[in-house]
Each structure stands twice: as C-alpha cells, then as structure tokens.
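Novice: Please read through the structure below; I'll follow up with questions.
The values are calculated or read from the model by the stated rules, or taken from the named source; none is laboratory data. Because the structure is a prediction, the values reported are computed rather than measured. We place every Cβ from the backbone using ideal geometry, glycine too, and count neighbours over all the protein chains shown.
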Amino acid sequence: MQNNLFLENYREAGFLARHTDLLISSYYHWTGEALIRCTDNAVHALMNAPLAIASHQAGDDPVFNYANHQALALFKMTPEALIGLPSRYSAEPRLREARSALLHQVETHGFVENYSGIRIAQDGSRFLIEQATVWNVVDIKQAQMQVLGQAVIIKAWHAV
C-alpha cells in the first residue's frame, strides 16, 4: 500500500518538478557545483542524465522516492519495483552497516564525495559504484533547513 502511494507521487508531474528542484538546489548548496547543465526542462534533463541519480526520503527506514532512468537501469528495476522500496535493500545485508554509517556521515556533514561501495541489483548481480556524491536533500528556501532525505549521483560503476 505504501509503495503505491510513493509510486503515485513519483508519477505526478508536480512531485517530479518539486523534487527535481530540491535535488538540484541541494546539490549546489552542498557542493557549489551544478547537478545538471542549465536547461529549459530540468525534470527531463535529470531523468535522462547519463549518470545514475536516486534519492530516498528521511526516516528510520528510508524508502526510495526518486530514480532517474540510468539509476533504474543500474539496479535493473522498474519504477514500480524501486519507488517505495526501503533503500537499505540496495546493499547486501553484510554491507548495510557500512552504508548506514555513510548516511550518518552525510546527515552530519551535508555531503560526501568520492564514495565507492558495492551495491546489488534486483536480479542479484553486484556492482561497484565509484565517484559517487551523496548529499542531504534540503529545501534551501526554508529558514531552517530540515533534512528531507539523501540523494546520490553515481558517476562510474562496473560489475563485480
């Protein structure tokens, strides 16, 4: 049921526009760099970027709330399979503690660059992500920037 709610939000044009803006502005806030080149249609540009970009909402057991086409391909999932899925499942059980420590570091410091780690696709295949930046998603327009979740841009990967 909860998965369906996240998927409905994901497919709503308003959600994608708002979330794309949050991803772009948060990334710039933390890194001082543009997530994507300026474009008239940021939703389309981010969704079709050649690098994998995904995010999850904040919480005790965060669930994916966004993935561009490259991230979906990397994890070998459809939006129906990924959106609403607890993001901890992106790592093998034995690697989840290290992933959790990374997310705590991001939450504390705002972002982490040059992260690498092994992830698992839906079919069980494993891949190493490299040159990843993980950052807190915040609404910079609010006076008190509450962490809404975390996002990742994966710049390189290969099968292991």
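Novice: Could you tell me which residue of the stretch 59-88 is farthest from Val147 (Cα to Cα), considering only residues that are loosely packed, with under 15 Cβ neighbours inside 10 Å and of a type outside the set (Ser, Thr, Tyr)?
Specialist: Looking at the filtered set, the residue picked out is Ala73.
Novice: Right, something else. Can you tell me which residue among Ala67, Ala156, Ala132 is without any contact (Cβ under 8 Å) to a residue 40 or more places away in the chain, of a type in the set (Gly, Ala, Ser) and within 25 Å of Glu8 (Cα to Cα)? Please lay out each step first, then the result.
Specialist: Numbers: Ala156 fails: within 25 Å of Glu8 (Cα to Cα); Ala132 fails: within 25 Å of Glu8 (Cα to Cα).
None of the others qualify; the one that does is Ala67.
Novice: When you scan the stretch 1-45, how many residues do you find that are farther than 20 Å from Ile83 by Cβ, at pLDDT below 90 and surrounded by 12 or more Cβ atoms within 10 Å (Cβ to Cβ)?
Specialist: Qualifying residue count, the stretch 1-45: 0.
Novice: Another question about this same structure. Enumerate the pairs (first residue in the stretch 105-126 and under 24 Å from Leu148 (Cβ atoms); second residue anywhere and in a loop (DSSP other than H, G, I, E, B)) with beta-carbon separation below 9 Å, excluding pairs fewer than 6 apart on the same chain, so at least 6 apart or on different chains.
Specialist: Glu107/Ala58; Gly117/Ala91; Arg119/Phe75; Arg119/Ala91; Arg119/Glu92
Novice: Hey, another quick one. Can you confirm whether the stretch 16-24 contains a residue that is of a type outside the set (A, V, I, L, M, F, W, C) and over 16 Å from the mean Cα position of the chain (by Cα)?
Specialist: no
Novice: What are the residues in the stretch 9-58 that are among the hydroxyl-bearing types (Ser, Thr, Tyr) and within 19 Å of Met145 (Cα to Cα), if any? Lay out the reasoning, then the answer.
Specialist: Of the stretch 9-58, the ones among the hydroxyl-bearing types (Ser, Thr, Tyr) are 10, 20, 25-28, 31, 39, 55.
Within the stretch 9-58, Thr20, Ser25, Ser26, Tyr27, Tyr28, Thr31, Ser55 qualify.
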